[in-house]
1. Can you pull the Rg over Rh of segment 86-153, Cα-only, Kirkwood?
2. Can you classify segment 163-207 as rounded, prolate or oblate using the Cα gyration tensor, where a ≥ b ≥ c are the square roots of its eigenvalues, rounded means a/c under 1.5, and otherwise it's prolate if a/b beats b/c and oblate if not?
3. Return the inverse of the average 1/r over all pairs of distinct C-alpha atoms in segment 137-214, which is the Kirkwood hydrodynamic radius, in Å to one decimal.
Amino acid sequence: MEWKGKRESANVQDARGERSGGMRGGGGLGLLMTIGRLFGFKGILAALVLGGVLWKMGLLDPGMLSGGGSSASAPQAQLSPEDEERFHFVKVVMAGTEDVWTEEFARIGRNYELPAMKVYRGQTRTACGTGSAAMGPFYCPGDQTVYIDLSFFDELRQTFKSPGDFAQAYVIAHEVGHHVQKLLGTSDKVAAMQGRPDYNEYSVRLELQADYYAGVWANHSKQNFNLDRSDIEEAMRAANAIGDDMIQKKTQGRVTPKAFTHGTAEQRMRWFSKGLQTGNIQDGDTFSMSYREL
Ligand SMILES: [Zn+2]
């Protein structure tokens, strides 16, 4: 996989410097962004001028505006070159998904609204509740954002024995697949089924479709990233490694099919490779066939 020097997404937020939980960090910035959304650039300017005046008068702690004072700069120094490289990597992968899905949505006469990504460390606040590194990367439909703690890549390498750039890219593409489902209305339909006894089956169908979409993305990314067979095998191994049966074996030492939420390793690999083969957003129907055929 060749990714260095490729376009980087402008929709990836670096929140690694936020303090625990991200409850404080970015508070002032978040306020400014809200003001910007509501009142435009002039609103931001007005807020900054007002803030400056209040600060001069001693009525405002400048730390409030920079989002937690010292935390804004201090943690940056702790980032290793490897962390920095990973950050560039996820931005390149996100940009790749933006290009592919914008084109694929246009093909079916739809508009692809770009998702956001937030790179955090430890814990972060999301529209879906508090996100933590232990959860692995996830997509929150409430704020249409992919959340990722880059230490997950260590876990991918150590626990799941899936090193390699493209295995990491696949994991991101799967989360973006959930964004595709959000835009197409699929995830909302499934969410509405919560509480039904067969809800878990629908959740598995949703997960396998996200794998399918990751495959569609890989199909259209071959040229951009100069993918070869070993890259694809890497992604397949990752899909295999992080299937629910594998996760359960690792964490509980046994497999309980009823608790499946992502599908088995074999199912995940199969739907990913199906998407990879067809490259067609419309061939990923994981909902019509019977659950046993999935
Ligand atoms: Zn998923």
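1. On the way: Rg = 13.3 Å, Rh = 12.9 Å.
For segment 86-153, the value is 1.03.
2. Values: a/c = 4.98, a/b = 2.00, b/c = 2.48.
Because a/c hits 1.5 or more and a/b fails to exceed b/c, segment 163-207 counts as oblate.
3. The Cα-based Kirkwood calculation yields 13.4 Å.
Values in this text are rule-based calculations from the coordinates and carry no lab data. This structure is a prediction, so every number in the text was calculated from the model and none was measured.
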